[in-house]
Amino acid sequence: MVGQSLYHTFKRYRTLQTHRISALPIVILMPHSACNCRCVMCDIWKDNKNLKQLTEADISGLLASLKQLDTIQVLMSGGEALLNANFFILCRILKNVGIKVTLLTTGLSIKSHAAQLLVLVDDLIVSLDGDEALHDAIRNIPNAFRKLKEGVEHIKRINPAYRITGRTVIHRLNYRNWPAIIAESKKMGLNQVSFLPADVSSHAFNRQQAWTEPKQDEILIPEHELPELNEVINYLLTEYAVDFDNGFIAESREKIRNIYHYYAAFYGLNAFPYKKCNAPWVSTVVEADGAVRPCFFMESMGNIRDAALGDILNSAEAVEFRKSLDTLTHPTCVKCVCSLNLSPLANLN
Ligand code: SF4
Ligand code: SF4
């Protein structure tokens, strides 16, 4: 692994101190607004008819800012990025300037795209919701699990060293299936698996309004089931000790325990788990219509079709937003499920 330059590290420290973005190591792009799954915990697919997508011109237009801000990694998120017919052209534009590309995908079409993925995408993160029956039920798509598994196995056969990790949102419908999810991840050959609780309260993921209570209840773990969630977590901490120790489970034991505390906090049983986040200082989100957000959950600050990314991120309003943002007390941050805390020393190369 190549070390990052001292100057880049300095720029990352300076960003945290001044709230002006000098270095932006991570950029999250949403190349396509639609999705090929119909998950119960997400409203993105309900807006599939209002298709928006990033174009070659959008990505080429970002390059000057990405270079100026020393961007190291682009995470392609969604919707399902592979639905963008020009997805691999977008990847090539980024790869040509030395930016690492990671794809977060449903995995439904990774088998048919394997040849290009292996060349133009550095690693994959696949969403996994349960064993075969449960994954298909949550995804609301027949054979979703089989296609995902076949795709992972196909890519691993061609290049066993290619990194594919799993990501699971734990909620009411799948917490009892948790051990099976770990077992299936191993069986299909994933390198690592990561868990987070469901975001039931924010406007992210295309929700025009935060979910109302009946909708929240579909995936929020009810208070009377919390002891069972606790038992499942205790079981994991004991039975899967090796997987915590060797990093197959990405989170620390404490973070997994905090998934219980996150759900318990909805009933006032404890505070929401403490977390640090510097996402708006080290990353940004560019949506399929070009809107730029400081993170998935905060309001848009501009649009790359109207201004350069660097200018949007360092406008007086954006700098003031970061200066006044206290992620320990902001109500959206307190309940946030996917915070990011990247140290200036963390090497993404
Ligand atoms: S959660 Fe992800 S995979 Fe499921 S519908 Fe939403 S965007 Fe698609
Ligand atoms: S804690 Fe969540 S909502 Fe707050 S800045 Fe970080 S990613 Fe955004």
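Could you tell me whether region 29-44 includes any residue that is without any contact (Cβ under 8 Å) to a residue 40 or more places away in the chain and among the acidic types (Asp, Glu)?
Within region 29-44, the first condition is being without any contact (Cβ under 8 Å) to a residue 40 or more places away in the chain, and the residues that meet it are none.
Scanning region 29-44, I find no residue that is without any contact (Cβ under 8 Å) to a residue 40 or more places away in the chain and among the acidic types (Asp, Glu), so the answer is no.
Using the structure shown, decide if Ala265 is within 16 Å of ligand 2 (Cβ to nearest atom), open to solvent by less than 30 Å² (accessible area, probe 1.4 Å) and farther than 28 Å from Gly189 by Cβ.
Working: within 16 Å of ligand 2 (Cβ to nearest atom): yes; open to solvent by less than 30 Å² (accessible area, probe 1.4 Å): yes; farther than 28 Å from Gly189 by Cβ: yes.
It is true that Ala265 is within 16 Å of ligand 2 (Cβ to nearest atom), open to solvent by less than 30 Å² (accessible area, probe 1.4 Å) and farther than 28 Å from Gly189 by Cβ.
Using the structure shown, decide if Arg257 is touching a Phe, Trp or Tyr at 6+ places or on another chain (Cβ under 9 Å) and open to solvent by 50 Å² or more (accessible area, probe 1.4 Å). Even if it seems obvious, please write down each step before you answer.
Values: touching a Phe, Trp or Tyr at 6+ places or on another chain (Cβ under 9 Å): no; open to solvent by 50 Å² or more (accessible area, probe 1.4 Å): yes.
No.
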Does at least one position in region 215-236 carry a residue that is modelled with pLDDT under 95 and open to solvent by 80 Å² or more (accessible area, probe 1.4 Å)? yes
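If a residue must be more than 23 Å from the chain's Cα centre (by Cα) and small (Gly, Ala, Ser), how many such residues does region 285-324 contain? Before the answer, list the steps.
Here is the first cut: in region 285-324, the residues more than 23 Å from the chain's Cα centre (by Cα) are 305-308, 311, 314-317, 319-320, 323-324.
Subsequent filtering for residues that are small (Gly, Ala, Ser) retains 307-308, 315-316, 324.
Adding up the residues that qualify gives 5.
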Can you pull out every residue in region 174-189 that is hydrophobic (A, V, I, L, M, F, W, C) and either touching a Leu at 6+ places or on another chain (Cβ under 7 Å) or closer than 18 Å to Ser252 by Cα (or both)? Trp178, Ile181, Ile182
Please work out which residue is nearest to Leu196 (Cα to Cα), limiting yourself to region 306-344 and to residues that are within 16 Å of ligand 2 (Cβ to nearest atom), of a type in the set (A, V, I, L, M) and open to solvent by 30 Å² or more (accessible area, probe 1.4 Å). Leu340
Residue list for region 107-119, filter: on the phi < 0 side of the Ramachandran plot and either open to solvent by less than 10 Å² (accessible area, probe 1.4 Å) or modelled with pLDDT under 95 (or both): Ile110, Ala114, Leu117
Of everything in region 257-283 that's polar (S, T, N, Q) and out of contact with any strand residue (DSSP E or B) (no Cβ under 6 Å at 6 or more places or on another chain), which residue is farthest from ligand 1 (Cβ to nearest atom)? Asn270
If you check Leu82 against the conditions, is it without any contact (Cβ under 8 Å) to a residue 60 or more places away in the chain and under 20 Å from Ile125 (Cβ atoms)? yes
Any residue at all in region 43-62 that's among the aliphatic types (A, V, I, L, M) and at pLDDT below 95? yes
Are any residues in region 149-199 open to solvent by 10 Å² or more (accessible area, probe 1.4 Å), aliphatic (A, V, I, L, M) and assigned to a helix (DSSP H, G or I), and if so, which ones? Ile158, Ala180, Ala183
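Conditions (1) open to solvent by less than 40 Å² (accessible area, probe 1.4 Å); (2) more than 16 Å from ligand 1 (Cβ to nearest atom); (3) part of a strand (DSSP E or B), marked per residue:
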{"residue": "Leu24", "(1), (2), (3)": "yes, yes, no"}
{"residue": "Lys46", "(1), (2), (3)": "no, no, no"}
{"residue": "Asn50", "(1), (2), (3)": "no, no, no"}
{"residue": "Ser65", "(1), (2), (3)": "yes, yes, no"}
{"residue": "Gly79", "(1), (2), (3)": "yes, no, no"}
{"residue": "Cys91", "(1), (2), (3)": "yes, yes, no"}
{"residue": "Leu94", "(1), (2), (3)": "yes, yes, no"}
{"residue": "Leu103", "(1), (2), (3)": "yes, no, yes"}
Of (1) under 28 Å from Leu63 (Cα atoms); (2) open to solvent by less than 70 Å² (accessible area, probe 1.4 Å), Arg139 satisfies every one except (1)
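For region 252-283, which positions are under 19 Å from Leu342 (Cα atoms) and among the hydrophobic types (A, V, I, L, M, F, W, C)? Explain how you work it out, then say what you get.
In the first step, residues of region 252-283 are kept if they are under 19 Å from Leu342 (Cα atoms); the result is 252, 254-255, 273-283.
Within region 252-283, Cys277, Ala279, Trp281, Val282 qualify.
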How many residues, within region 52-63, are of a type outside the set (D, E, K, R), assigned to a loop (DSSP other than H, G, I, E, B) and open to solvent by 20 Å² or more (accessible area, probe 1.4 Å)? 1
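The values are calculated or read from the model by the stated rules, or taken from the named source; none is laboratory data. What you see is a predicted model; the values in this text were computed from it and never measured. A quick note on method: Cβ atoms are made from the backbone with ideal geometry, for glycine too, and the neighbour counts reach across all protein chains shown. For the accessible areas, the whole protein counts, side chains as well, though only heavy atoms, and no ligand, DNA or RNA atoms are used. Shrake-Rupley method; radii C 1.70, N 1.55, O 1.52, S 1.80 Å.
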